[in-house]
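Worksheet for the structure shown next.
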Amino acid sequence: MATPSIHGNLLQVTVASCNNLKDTEWISRQDPYVCVEYGSDRSRTRTCTDGGKNPNFQEKFVYTLVEGLRELNVSVWNSNTLHHDTFVGSGKVQLLKALSQGFDDSTWPLQSKTGRFVFMSWFLLSTMQVCNKSYS
């Protein structure tokens, strides 16, 4: 049996929260935000001002699925006003469960620059079929 095509269907991604982030601030609480990439599409959450090590985002993004692209690239940054933003960590979110079952509410480990797994991020993934109707 052939696998149904995902091309053109929609993927809804909710960036819920992060837990136990590496703290990149020395004096104040960090202001994290999350960047999500799917192919050439990029999205960014709002900055969670004083979100610290356990920021809560609850932001949704929708991507049009492309055949062959089965993962999201995610990175977490600390927003800085006086100098460049600081990289906190990154990782890949696999879409297999969301594509096969229509929903995935897993937590995903993210890594620091040195490759250590230092925190978890919680994403809700759901797929939606697009109905293409032609009107005469």
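None of the figures in this text is laboratory data; all of them are computed from the coordinates on show. Keep in mind it's a predicted model, so treat the numbers as computed, not measured. Ideal geometry is used to build each Cβ from the backbone, glycine not excepted, and the neighbour counts take in all protein chains shown.
What dipole magnitude, in Debye to the nearest 20, does the chain give about its Cα centre under +1 on Lys/Arg Cβ and -1 on Asp/Glu Cβ? Write out the running numbers ahead of the final one.
Details: 13 positive and 12 negative charges, 24 e Å.
I would put it at about 120 debye.
Per residue of region 55-62, what does 6.51 cos²θ - 1.76 cosθ + 1.60 with θ = phi - 60° give for ³J(HN,Hα)? Whole Hz please, x for Gly and Pro, Karplus curve as stated.
Computed from phi, the couplings for region 55-62 are x, 10, 10, 6, 10, 10, 9, 10 Hz.
So what's the net charge close to residue 91: Lys and Arg +1, Asp and Glu -1, counting the other residues with Cβ under 15 Å from its Cβ? Provide the component values of the computation, followed by the final result.
On the way: positive: 22, 70, 92, 113, 116; negative: 37, 71, 104.
Residues near residue 91 contribute +2 overall.
For region 14-76, state the average projected area of the convex hull of the C-alpha atoms over all orientations, rounded to one decimal in nm². Show your work: numbers first, answer last.
Working: hull surface 17.9 nm².
Directional mean of the projected Cα hull area for region 14-76 stands at 4.5 nm².
Kindly write out, for region 78-85 in residue order, the coupling ³J(HN,Hα) from the Karplus curve 6.51 cos²θ - 1.76 cosθ + 1.60 (θ = phi - 60°), rounded to whole Hz, with x marking Gly and Pro.
9, 6, 10, 8, 9, 8, 4, 4
Just the Cα atoms of region 12-128: what Rg and Dmax do they give in Å?
14.1, 46
Below 13 angstrom from the Cβ of residue 66, what's the summed charge of the other residues (Lys, Arg +1; Asp, Glu -1)? Walk me through the intermediate numbers first.
On the way: positive: 70; negative: 37, 41, 67, 71.
Surrounding charge for residue 66 is -3.
When we measure straight from the Cα of residue 53, which aspartates and glutamates land under 20 angstrom away, once same-chain ones fewer than 8 places off are left out?
Qualifying aspartates and glutamates at Cα under 20 Å: 23, 25, 31, 85.
Can you work out the Karplus-derived ³J(HN,Hα) for every residue in region 4-10? Use 6.51 cos²θ - 1.76 cosθ + 1.60 with θ = phi - 60°, whole Hz, and x for glycine or proline.
Once rounded to whole Hz, the list reads x, 6, 9, 4, x, 6, 10.
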